[in-house]
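The values are calculated or read from the model by the stated rules, or taken from the named source; none is laboratory data. None of the values given here were measured: they were computed from a predicted structure. Methodologically, a virtual Cβ is constructed for each residue, glycine included, from the backbone with ideal geometry; neighbour enumeration extends over all protein chains shown.
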(Lines give C-alpha, C1' and ligand atoms only; values in the text may rest on other atoms or scores of the structure.)
Protein backbone atom coordinates (compact mmCIF):
# COMPACT_ATOMS: atom_id res chain seq x y z
CA UNK A 1 0.00 0.00 0.00
CA UNK A 2 2.62 2.50 1.03
CA UNK A 3 4.85 1.54 -1.89
CA UNK A 4 2.03 2.65 -4.16
CA UNK A 5 1.66 5.84 -2.15
CA UNK A 6 5.39 6.54 -2.42
CA UNK A 7 5.24 5.96 -6.16
CA UNK A 8 2.35 8.38 -6.55
CA UNK A 9 4.13 10.97 -4.42
CA UNK A 10 7.33 10.70 -6.45
CA UNK A 11 5.48 11.11 -9.74
CA UNK A 12 3.40 13.93 -8.32
CA UNK A 13 6.54 15.80 -7.25
CA UNK A 14 8.04 15.64 -10.75
CA UNK A 15 4.89 15.92 -12.85
CA UNK A 16 5.20 19.63 -13.59
CA UNK A 17 8.84 19.37 -14.66
CA UNK A 18 8.10 16.31 -16.81
CA UNK A 19 5.31 18.11 -18.65
CA UNK A 20 7.41 21.25 -19.17
CA UNK A 21 10.42 19.39 -20.54
CA UNK A 22 8.20 17.14 -22.67
CA UNK A 23 6.76 20.17 -24.44
CA UNK A 24 10.22 21.72 -24.81
CA UNK A 25 11.85 18.59 -26.22
CA UNK A 26 8.92 17.86 -28.52
CA UNK A 27 8.98 21.31 -30.11
CA UNK A 28 12.71 22.06 -30.05
CA UNK A 29 13.79 19.58 -32.79
CA UNK A 30 11.22 21.06 -35.18
CA UNK A 31 12.45 24.60 -34.51
CA UNK A 32 16.10 23.57 -34.73
CA UNK A 33 15.68 21.69 -38.00
CA UNK A 34 13.64 24.51 -39.54
CA UNK A 35 16.21 27.14 -38.54
CA UNK A 36 19.06 24.95 -39.82
CA UNK A 37 17.31 24.49 -43.14
CA UNK A 38 17.31 28.27 -43.67
CA UNK A 39 21.10 28.16 -44.11
CA UNK A 40 22.21 26.54 -47.35
CA UNK A 41 24.55 23.60 -46.91
CA UNK A 42 27.25 25.21 -49.07
CA UNK A 43 27.20 28.37 -46.94
CA UNK A 44 27.32 26.31 -43.74
CA UNK A 45 30.28 24.29 -45.04
CA UNK A 46 32.17 27.46 -46.01
CA UNK A 47 31.78 28.96 -42.56
CA UNK A 48 32.49 25.75 -40.67
CA UNK A 49 35.45 24.49 -42.68
CA UNK A 50 37.12 27.76 -43.64
CA UNK A 51 36.26 30.50 -41.17
CA UNK A 52 36.76 28.57 -37.91
CA UNK A 53 40.45 28.15 -36.94
CA UNK A 54 41.76 24.59 -37.00
CA UNK A 55 42.84 24.79 -33.35
CA UNK A 56 39.21 25.36 -32.38
CA UNK A 57 38.22 22.17 -34.17
CA UNK A 58 39.73 20.24 -31.26
CA UNK A 59 36.66 21.19 -29.25
CA UNK A 60 34.51 19.01 -31.49
CA UNK A 61 34.30 15.28 -30.81
CA UNK A 62 34.03 14.61 -34.57
CA UNK A 63 35.77 16.15 -37.59
CA UNK A 64 34.10 19.29 -38.91
CA UNK A 65 33.70 17.53 -42.26
CA UNK A 66 31.23 15.15 -40.55
CA UNK A 67 29.32 18.07 -39.06
CA UNK A 68 28.95 19.73 -42.46
CA UNK A 69 26.28 17.22 -43.51
CA UNK A 70 22.54 17.06 -42.94
CA UNK A 71 22.86 14.38 -40.28
CA UNK A 72 25.81 16.16 -38.67
CA UNK A 73 23.89 19.41 -38.44
CA UNK A 74 20.92 17.68 -36.84
CA UNK A 75 23.27 15.96 -34.39
CA UNK A 76 24.31 19.40 -33.17
CA UNK A 77 20.83 19.68 -31.68
CA UNK A 78 21.74 17.05 -29.09
CA UNK A 79 24.67 19.12 -27.80
CA UNK A 80 22.67 22.33 -27.93
CA UNK A 81 22.22 24.05 -24.54
CA UNK A 82 18.48 23.45 -24.78
CA UNK A 83 19.08 19.69 -24.56
CA UNK A 84 22.23 19.56 -22.41
CA UNK A 85 21.02 22.15 -19.90
CA UNK A 86 17.58 20.57 -19.65
CA UNK A 87 19.11 17.11 -19.10
CA UNK A 88 21.41 18.50 -16.41
CA UNK A 89 18.63 20.48 -14.74
CA UNK A 90 16.50 17.34 -14.66
CA UNK A 91 19.19 15.29 -12.97
CA UNK A 92 20.11 17.96 -10.43
CA UNK A 93 16.52 18.95 -9.67
CA UNK A 94 15.21 15.44 -9.15
CA UNK A 95 18.36 14.11 -7.48
CA UNK A 96 18.48 16.94 -4.97
CA UNK A 97 14.89 16.23 -3.98
CA UNK A 98 15.68 12.62 -3.01
CA UNK A 99 16.54 13.49 0.61
CA UNK A 100 17.81 17.00 1.28
CA UNK A 101 14.96 18.60 -0.65
CA UNK A 102 12.35 16.78 1.40
CA UNK A 103 14.22 17.46 4.64
CA UNK A 104 14.38 21.15 3.84
CA UNK A 105 10.64 21.26 3.09
CA UNK A 106 9.85 19.25 6.22
CA UNK A 107 8.02 16.48 4.35
CA UNK A 108 10.55 13.71 4.97
CA UNK A 109 9.52 13.44 8.64
CA UNK A 110 5.90 12.90 7.63
CA UNK A 111 6.87 10.24 5.08
CA UNK A 112 9.11 8.33 7.48
CA UNK A 113 6.44 8.49 10.19
CA UNK A 114 4.54 5.97 8.07
CA UNK A 115 5.38 2.22 7.99
CA UNK A 116 7.97 2.52 5.20
CA UNK A 117 11.72 2.03 5.20
CA UNK A 118 14.24 4.65 4.22
CA UNK A 119 15.49 2.35 1.50
CA UNK A 120 12.01 2.14 -0.03
CA UNK A 121 11.67 5.94 0.02
CA UNK A 122 15.03 6.46 -1.66
CA UNK A 123 14.74 3.70 -4.27
CA UNK A 124 11.16 4.62 -5.22
CA UNK A 125 12.27 8.18 -5.94
CA UNK A 126 15.22 6.88 -7.96
CA UNK A 127 13.01 4.59 -10.06
CA UNK A 128 10.49 7.37 -10.69
CA UNK A 129 13.28 9.75 -11.73
CA UNK A 130 14.83 7.17 -14.06
CA UNK A 131 11.48 6.20 -15.61
CA UNK A 132 10.62 9.82 -16.29
CA UNK A 133 14.07 10.42 -17.81
CA UNK A 134 13.46 7.53 -20.21
CA UNK A 135 10.05 8.99 -21.07
CA UNK A 136 11.57 12.41 -21.76
CA UNK A 137 14.20 10.88 -24.05
CA UNK A 138 11.44 9.03 -25.91
CA UNK A 139 9.71 12.39 -26.41
CA UNK A 140 12.99 13.92 -27.62
CA UNK A 141 13.46 11.14 -30.15
CA UNK A 142 9.87 11.45 -31.33
CA UNK A 143 10.47 15.16 -31.87
CA UNK A 144 13.56 14.36 -33.95
CA UNK A 145 11.82 11.59 -35.87
CA UNK A 146 8.77 13.69 -36.71
CA UNK A 147 10.89 16.73 -37.60
CA UNK A 148 13.05 14.68 -39.94
CA UNK A 149 10.14 12.74 -41.42
CA UNK A 150 7.79 15.65 -42.08
CA UNK A 151 10.09 18.69 -41.88
CA UNK A 152 12.10 20.57 -44.52
CA UNK A 153 14.81 17.87 -44.68
CA UNK A 154 12.37 15.01 -45.16
CA UNK A 155 14.08 12.02 -46.78
CA UNK A 156 17.61 13.43 -46.39
CA UNK A 157 18.39 11.97 -42.97
CA UNK A 158 17.54 8.57 -41.48
CA UNK A 159 15.97 9.19 -38.04
CA UNK A 160 17.25 5.81 -36.82
CA UNK A 161 20.76 7.27 -36.74
CA UNK A 162 19.78 9.21 -33.63
CA UNK A 163 18.59 6.34 -31.42
CA UNK A 164 22.05 5.73 -29.88
CA UNK A 165 22.61 9.49 -29.57
CA UNK A 166 19.37 9.99 -27.63
CA UNK A 167 20.28 6.98 -25.46
CA UNK A 168 23.47 8.85 -24.59
CA UNK A 169 21.34 11.79 -23.41
CA UNK A 170 19.52 9.37 -21.12
CA UNK A 171 22.88 8.21 -19.77
CA UNK A 172 23.78 11.80 -18.89
CA UNK A 173 20.45 12.33 -17.12
CA UNK A 174 20.78 9.12 -15.11
CA UNK A 175 24.39 9.80 -14.13
CA UNK A 176 23.63 13.37 -13.05
CA UNK A 177 20.57 12.30 -11.06
CA UNK A 178 22.49 9.49 -9.34
CA UNK A 179 25.41 11.70 -8.32
CA UNK A 180 23.08 14.44 -7.08
CA UNK A 181 20.92 11.96 -5.14
CA UNK A 182 24.06 10.59 -3.48
CA UNK A 183 25.03 14.07 -2.29
CA UNK A 184 21.41 14.70 -1.27
CA UNK A 185 21.42 11.53 0.85
CA UNK A 186 24.21 12.95 3.00
CA UNK A 187 22.93 16.54 3.19
CA UNK A 188 20.03 18.34 4.82
CA UNK A 189 19.80 21.45 2.62
CA UNK A 190 18.75 21.31 -0.99
CA UNK A 191 20.46 24.57 -1.93
CA UNK A 192 23.78 23.17 -0.78
CA UNK A 193 23.25 19.93 -2.69
CA UNK A 194 22.45 21.88 -5.85
CA UNK A 195 25.45 24.15 -5.32
CA UNK A 196 27.89 21.26 -4.94
CA UNK A 197 26.52 19.47 -7.99
CA UNK A 198 26.61 22.65 -10.09
CA UNK A 199 30.24 23.11 -9.05
CA UNK A 200 30.98 19.52 -10.07
CA UNK A 201 29.28 20.08 -13.43
CA UNK A 202 31.29 23.25 -14.10
CA UNK A 203 34.47 21.36 -13.17
CA UNK A 204 33.52 18.59 -15.62
CA UNK A 205 33.01 21.12 -18.42
CA UNK A 206 36.34 22.83 -17.77
CA UNK A 207 38.22 19.53 -17.45
CA UNK A 208 36.80 18.37 -20.77
CA UNK A 209 37.72 21.64 -22.51
CA UNK A 210 41.26 21.64 -21.07
CA UNK A 211 41.70 18.00 -22.06
CA UNK A 212 40.66 18.80 -25.62
CA UNK A 213 42.66 22.00 -26.10
CA UNK A 214 45.91 21.26 -24.22
CA UNK A 215 48.35 18.52 -25.14
CA UNK A 216 50.15 18.99 -21.83
CA UNK A 217 47.00 18.71 -19.76
CA UNK A 218 45.25 16.21 -21.97
CA UNK A 219 44.78 13.83 -19.05
CA UNK A 220 42.36 16.34 -17.50
CA UNK A 221 39.68 15.12 -19.87
CA UNK A 222 39.57 11.78 -18.09
CA UNK A 223 38.48 13.59 -14.92
CA UNK A 224 35.24 14.67 -16.57
CA UNK A 225 32.13 12.49 -16.74
CA UNK A 226 31.14 14.57 -19.77
CA UNK A 227 33.84 12.77 -21.76
CA UNK A 228 31.31 9.94 -22.02
CA UNK A 229 28.65 12.28 -23.40
CA UNK A 230 29.34 12.50 -27.14
CA UNK A 231 26.05 12.07 -29.06
CA UNK A 232 27.60 13.41 -32.25
CA UNK A 233 29.98 10.44 -32.47
CA UNK A 234 27.10 7.99 -32.81
CA UNK A 235 25.72 9.88 -35.80
CA UNK A 236 29.12 10.40 -37.43
CA UNK A 237 30.05 6.71 -37.12
CA UNK A 238 26.80 4.72 -37.46
CA UNK A 239 28.64 1.45 -38.17
CA UNK A 240 30.13 1.46 -34.67
CA UNK A 241 27.46 3.51 -32.89
CA UNK A 242 26.18 0.71 -30.67
CA UNK A 243 29.68 -0.36 -29.66
CA UNK A 244 30.53 3.23 -28.71
CA UNK A 245 27.23 3.52 -26.85
CA UNK A 246 28.02 0.38 -24.86
CA UNK A 247 31.23 2.03 -23.66
CA UNK A 248 29.95 5.55 -23.06
CA UNK A 249 26.60 4.71 -21.54
CA UNK A 250 28.30 1.89 -19.63
CA UNK A 251 30.42 4.56 -17.92
CA UNK A 252 27.52 6.95 -17.28
CA UNK A 253 25.09 4.27 -16.11
CA UNK A 254 27.78 2.59 -14.03
CA UNK A 255 28.56 5.86 -12.22
CA UNK A 256 24.86 6.49 -11.71
CA UNK A 257 24.17 3.01 -10.29
CA UNK A 258 27.19 3.21 -7.98
CA UNK A 259 26.11 6.66 -6.78
CA UNK A 260 22.54 5.51 -6.12
CA UNK A 261 23.83 2.44 -4.25
CA UNK A 262 26.12 4.58 -2.09
CA UNK A 263 23.32 7.07 -1.50
CA UNK A 264 21.02 4.27 -0.35
CA UNK A 265 23.59 3.13 2.22
CA UNK A 266 24.25 6.67 3.44
CA UNK A 267 20.57 7.53 3.83
CA UNK A 268 19.70 4.25 5.53
CA UNK A 269 22.38 4.75 8.19
CA UNK A 270 22.61 8.50 8.77
CA UNK A 271 21.07 10.50 11.59
CA UNK A 272 18.34 12.81 10.43
CA UNK A 273 18.09 16.32 11.93
CA UNK A 274 15.23 16.97 14.30
CA UNK A 275 12.31 18.83 12.67
CA UNK A 276 12.23 22.54 13.43
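Side notes on the structure shown:
- Each residue in the stretch 138-169 was checked for being free of Cβ contacts under 8 Å to residues at least 40 places away in the same chain and buried (at least 23 other Cβ atoms within 10 Å of the Cβ), and 0 of them qualify.
- Residue that is surrounded by 16 or more Cβ atoms within 10 Å (Cβ to Cβ), under 14 Å from the mean Cα position of the chain (by Cα) and either over 20 Å from residue 78 (Cα atoms) or modelled with pLDDT under 95 (or both), where the choices are 179, 172: 179
- Neighbours by Cβ (under 6 Å, 6+ apart or cross-chain): first from the stretch 17-40, farther than 13 Å from residue 137 by Cα; second crowded, with 18+ Cβ neighbours inside 10 Å and at pLDDT 95 or above: 30/147; 33/147
- Subset of the stretch 89-135 [under 30 Å from residue 147 (Cβ atoms) and surrounded by fewer than 22 Cβ atoms within 10 Å (Cβ to Cβ)]: 89, 93, 128, 130, 131, 134, 135
- If you go through the stretch 103-116 and keep only what is under 13 Å from residue 6 (Cα atoms) and in contact with a helix residue (DSSP H, G or I) (Cβ under 8 Å, 6 or more places away or on another chain), you end up with 108, 111, 112, 114, 115, 116.
- Residues in the stretch 203-222 that are more than 20 Å from residue 83 (Cβ to Cβ), at pLDDT 90 or above and crowded, with 16+ Cβ neighbours inside 10 Å: 207 alone.
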